[in-house]
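Trainee: This is the structure I want to talk about, given as structure tokens.
The values are calculated or read from the model by the stated rules, or taken from the named source; none is laboratory data. On a predicted model such as this, the values are computed, not experimentally measured, just so you know. All Cβ positions, even for glycine, are placed from backbone atoms using ideal geometry, and neighbour counts span all protein chains on display.
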Amino acid sequence: MRRLYEIALRLYPYDFRAMFAADMLAVLVERPPGMREWIAIGLGAAREWLAKLTTDRYVRARCLPDVRMMRPAGISKEVWFGRAPCSSDTSR
């Protein structure tokens, strides 16, 4: 059943999932949803996509940072933005 919940959460935009998917999944696993909750998940995903596609990202409150692009805490700019040495050796 957990796999079905994970698939349902993939209906939401990435930025929304990055911020809220873990909490939503924990609640769904703790208390399995009924038909009303499944409908709410579908409608919520549709509303998030509508908000994402119809409003300017600089204006709307749903503009969440892309966590894939954020530098982790404790990593210097030099290390994070530095280039890794290129190597044609694929055995590593």
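Trainee: What helices (runs of 4 or more DSSP H) completely inside segment 1-83 contain at least 1 residues that are surrounded by 14 or more Cβ atoms within 10 Å (Cβ to Cβ), of a type in the set (Ser, Thr, Tyr) and at pLDDT 85 or above?
Mentor: It comes to 2-9.
Trainee: Considering segment 1-13 alone, what residues qualify as being more than 12 Å from ALA45 (Cβ to Cβ) and free of Cβ contacts under 8 Å to residues at least 24 places away in the same chain?
Mentor: Listed by number, the residues that qualify are ARG3, LEU4, GLU6.
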